[in-house]
Amino acid sequence: MAPAATAPSEPVPVQGPHPSYIQVAKPHLFHQQIQGQLVAIGTNPTREDGFRLQGVQWINDVRIALQLPVRTFSTAVNYYHKFRLVHKDSEYLYQDAAAAALLTACKIEDTLKKSREILCAAHNLRVSASEHLSPDDSAFEGPSKIVIGLERLMLEASGFDFRVRYPHKHLIKLAKHAGIEKDVAKLAYNIMLDLYRTFAPLKQTCAAMSFACIEVATLILEKQQDAIYGPASPSYQKWCTTRAEVMETMLDILDLYTHFQKSSIVGPSHDIQKFIQLKIKLNQEMVDGGSFTRYTEEHEAPKTNGLKSNIKTPKTPITPASPSDTRINGASPATLSPRSSGSSRRGIGARGQDGTVRFMLDAEKAKEEKEIVAEYFKVEYEDYEVEVEEPIRHERPPHSQRNGRDDRFHNKRLRR
Amino acid sequence: MDPFEVRIRFTQHLQHLNASVTSANKAAQYALKYRDMDEDLHNCILEQLERNSMNNRANIMYFIEHLCDMAARENHQDYVRMMQRDILRVVDAVAPEDGSGAANVKVVRKVLQGLQQKTFLLAQTVAEIEECLKERDTLPDAIGLSSPLQQDVEMGGTKDGKGDRKTNGFQRLDKKQIEQRIEEDRERHKRLRENIWAVQHGTGGDDAEFEKLWEETSDLGEDDFTLYEEEAQERKECAQEWREEYAAKHKE
């Protein structure tokens with residue numbers, strides 16, 4: 001009788017299906033976001049640099065061997081970078097990831113190459129002519145399967161985002177528009193190729209990258225500087241970019257040239273002193289300008305523990321050693337956002353248990369949906385007033401009769 | 001296998017060539033499998049070139065490129081050398097002097113260019129052959145695939161038709177053959193498009209591609225600015241997202 005009376009008033013937790021995760025594709029990522037992500041998946045900064053540079057080099061070498069156009073290169077590198085932001089470098093070989101990125105890009109750019117052809121070209125680049133193999137050699141059987149497997153992860157890591165950018169085309173358009181001479185434009189074109197070795201393509205728009213590459217080219221060659229930056233140059237505003245973005249990109253490329261001069265196209269043919277000079281000059285401008293910082297869209301953490309931007313350069317003394325460092329700082333997305341890293345990083349295993357992951361391009365729509373769904377899944381804690389006195393009284397009488405007098409007596413005594 | 005049988009089989013391969021890469025590769029693989037009989041098989045090629053229909057000759061011509069490719073890759077230069085030696089004979093068979101293979105002239109040019117690019121043939125040789133080819137695709141009495149003009153010539157009962165048949169040992173094309181050729185050309189064109197994007201890269205970096213882009217990129221247009229605007233908008237939205245995400249993280 002008693003349990004029957006209490007049961008309906010107890011809150012029953014509703015256990016419906018899991019509200020699937022939504023992973024929203026991010027066409028742009030910012031420096032702080034990228035670094036946070038890298039730290040969250042436990043990447044070692046030095047190794048990160050190495051694999052990034054080697055991977056992009058691999059993609060460039062192979063795409064040249066396969067006569068692939070530059071647009072396939074930019075798309076491939078974009079996928080490579082995005083892949084590496086969600087998967088720790090110990091989980092795959094950089095060559096495999098690079099091959100998978102190139103394979104994906106080939107499909108997207110309609111410059112079809114088979115996975116075996118890509119692997120074969122890479123193999124033939126490494127060995128002498130006598131050891132060259134043909135794409136149907138059985139040696140490529142296993143690797144080809146790995147690459148095809150990684151291809152799916154490539155698409156997932158990018159959030160099935162097929163929006164591609166061709167900054168090289170826009171670089172030339174801008175150069176022609178600004179009346180840049182051909183030799184400067186050619187250098188700028190190669191700088192743009194080098195820029196893909198950094199994360200800048202994830203961060204910036206085509207316009208910002210084009211401006212930055214041309215300006216660095218004019219600075220290196222010491223000619224036509226006025227044509228790209230100054231009152232007579234094309235206006236940033238019209239190209240929907242800002243000095244801060246251009247500056248960030250220029251410093252990104254100069255960082256590459258000063259720290260990893262050898263692993264770039266333009267770097268080795270110029271004196272490192274020159275790059276350092278240019279960097280100092282730009283830094284000076286930044287300090288004088290005062291209105292912008294080294295990185296755009298960077299937010300100051302409430303509690304700063306001295307861990308600052310330069311994670312990516314191994315030469316800085318302060319490098320975040322372990323993910324736990326940043327967790328104290330509260331900057332680890334792994335612990336907080338299941339869709340950004342936890343879900344895709346763990347692979348299918350963990351995700352399968354938690355619920356489906358769906359991919360969306362429109363951030364606005366995803367947010368709307370989440371709000372609507374959240375209402376249904378909110379676990380509501382309502383306070384029900386349960387009359388517990390009532391049943392106790394019913395049961396009590398014989399009991400109280402026995403001790404009633406004592407109680408009353410006791411109470412009376414107390415009251416008195 | 002019996003040498004005679006190898007010959008017969010290879011001949012069959014050659015006769016059944018079509019526009020697909022697989023058929024050409026199969027035949028080339030066969031030729032390399034029995035490379036110890038390379039001279040015999042090379043003769044087979046020449047023989048078939050002079051015996052079969054114009055369509056087939058075109059297919060064999062394309063096959064030669066595959067064969068040279070594969071032979072070079074497998075480091076069996078003999079095929080390449082023999083082909084270098086006999087290239088004139090091959091060209092004469094595929095696009096005969098009498099103009100009966102006018103439709104094949106383009107094929108010959110393409111293959112020769114390919115062979116030159118892959119350094120199987122000297123530029124000089126190709127230029128010389130090109131000289132001879134010039135006249136072959138414009139002969140008005142051309143029989144075969146080139147133009148409907150010969151129909152009239154035939155009807156007129158001139159000697160040309162007969163003469164051609166004699167010199168060439170080759171019968172007039174029927175409708176089926178013409179359709180087959182159209183089909184095969186279409187197939188080849190389709191495959192060509194698979195590689196149409198290919199960019200020749202110089203040894204010194206990306207110069208060739210830059211030149212190409214520099215020449216071909218159109219001037220700035222209104223749509224470009226729309227694109228920049230959209231991109232900037234997209235970036236702004238991402239920044240907004242990031243700001244919210246960051247703020248949410250630091251609230252806890």
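The values are calculated or read from the model by the stated rules, or taken from the named source; none is laboratory data. All figures in this text were calculated on a predicted structure; none of them were measured in a lab. Using ideal geometry, Cβ is built from the backbone for each residue, glycine included, and neighbour counts are taken over all protein chains shown.
Descriptive notes on the structure:
- Lone unmet requirement of (1) crowded, with 19+ Cβ neighbours inside 10 Å; (2) in contact (Cβ under 8 Å) with a residue 60 or more places away in the chain; (3) over 28 Å from the mean Cα position of the chain (by Cα) for residue A:156: (3)
For every residue, the table says whether it meets (1) under 26 Å from the mean Cα position of the chain (by Cα); (2) over 30 Å from residue B:107 (Cβ atoms); (3) buried (at least 16 other Cβ atoms within 10 Å of the Cβ).
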{"site": "B:192", "(1), (2), (3)": "yes, no, no"}
{"site": "B:195", "(1), (2), (3)": "yes, no, no"}
{"site": "B:200", "(1), (2), (3)": "yes, no, no"}
{"site": "B:209", "(1), (2), (3)": "yes, no, yes"}
{"site": "B:217", "(1), (2), (3)": "no, yes, yes"}
{"site": "B:225", "(1), (2), (3)": "no, yes, no"}
{"site": "B:232", "(1), (2), (3)": "no, yes, yes"}
{"site": "B:238", "(1), (2), (3)": "no, yes, yes"}
{"site": "B:247", "(1), (2), (3)": "no, yes, no"}
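- So residue B:53, is it among the hydroxyl-bearing types (Ser, Thr, Tyr) and either within 19 Å of residue B:110 (Cα to Cα) or modelled with pLDDT of 90 or more (or both): no
- Meets criteria (touching a residue at least 12 places away in the same chain (Cβ under 8 Å) and in contact with a Ser or Thr (Cβ under 9 Å, 6 or more places away or on another chain)) for residue B:54: yes
- Restricting segment A:171-189 to residues that are in contact with a Phe, Trp or Tyr (Cβ under 8 Å, 6 or more places away or on another chain) and of a type outside the set (D, E, K, R), the residue that is nearest to residue B:207 (Cα to Cα): A:189
- Pair list, Cβ < 7 Å and 6+ apart or interchain, from segment A:100-120 residues that are away from chain B (no Cβ under 11 Å) and over 21 Å from residue A:137 (Cα atoms) to residues that are assigned to a helix (DSSP H, G or I) and of a type in the set (Ser, Thr, Tyr): A:101/A:79; A:101/A:80; A:104/A:79; A:105/A:72; A:105/A:75; A:105/A:79; A:108/A:75
- Residue list for segment B:65-81, restricted to those being part of a helix (DSSP H, G or I) and more than 18 Å from residue B:189 (Cα to Cα): B:67, B:68, B:69, B:70, B:71, B:72, B:73, B:77, B:78, B:79, B:80, B:81
- Residue in segment A:113-127 that is among the charged types (D, E, K, R), in a loop (DSSP other than H, G, I, E, B) and farther than 30 Å from residue B:74 by Cβ present: no
- Checking each residue in segment B:1-53 for being among the aliphatic types (A, V, I, L, M), part of a helix (DSSP H, G or I) and under 24 Å from the mean Cα position of the chain (by Cα) picks out B:14, B:21, B:24, B:27, B:28, B:31, B:32, B:41, B:45, B:46, B:49.
- Taking segment B:201-252 as the range and being at pLDDT 85 or above, within 30 Å of residue A:367 (Cα to Cα) and either among the hydrophobic types (A, V, I, L, M, F, W, C) or not in a helix (DSSP H, G or I) (or both) as the test, the residues that pass are B:225, B:227, B:232, B:238, B:239, B:242, B:247.
- Selection within segment B:119-142: residues that are modelled with pLDDT of 80 or more and in a loop (DSSP other than H, G, I, E, B). The member of this set that is surrounded by the most Cβ atoms within 10 Å (Cβ to Cβ) is B:120.
- Test: residue in segment A:115-125 that is more than 27 Å from residue B:69 (Cβ to Cβ) and assigned by TED's automatic domain parsing to the domain that holds residue A:38: no
- Of the residues making up segment A:138-168, those that are touching a helix residue (DSSP H, G or I) at 6+ places or on another chain (Cβ under 7 Å) and within 11 Å of chain B (Cβ to nearest Cβ) are A:165, A:166, A:167, A:168.
- The combined condition, being touching a Leu at 6+ places or on another chain (Cβ under 7 Å), part of a helix (DSSP H, G or I), closer than 30 Å to residue A:357 by Cα and hydrophobic (A, V, I, L, M, F, W, C), is fulfilled by residue A:97.
- Count - residues of segment A:14-70 that are over 17 Å from the mean Cα position of the chain (by Cα), closer than 30 Å to residue B:207 by Cα and either modelled with pLDDT under 90 or within 12 Å of chain B (Cβ to nearest Cβ) (or both): 11
To keep it simple, each residue is scored yes or no on (1) within 22 Å of residue A:64 (Cα to Cα); (2) assigned by TED's automatic domain parsing to the domain that holds residue A:253.
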{"position": "A:158", "(1), (2)": "no, no"}
{"position": "A:190", "(1), (2)": "yes, yes"}
{"position": "A:198", "(1), (2)": "yes, yes"}
{"position": "A:204", "(1), (2)": "no, yes"}
{"position": "A:219", "(1), (2)": "no, yes"}
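- Residue among A:244, A:212, A:232, A:217 that alone is modelled with pLDDT under 90, part of a helix (DSSP H, G or I) and away from chain B (no Cβ under 11 Å): A:244
- Note on segment B:184-200: residues that are at pLDDT 85 or above and either in contact with a helix residue (DSSP H, G or I) (Cβ under 9 Å, 6 or more places away or on another chain) or facing another protein chain (nearest Cβ under 10 Å) (or both) total 3.
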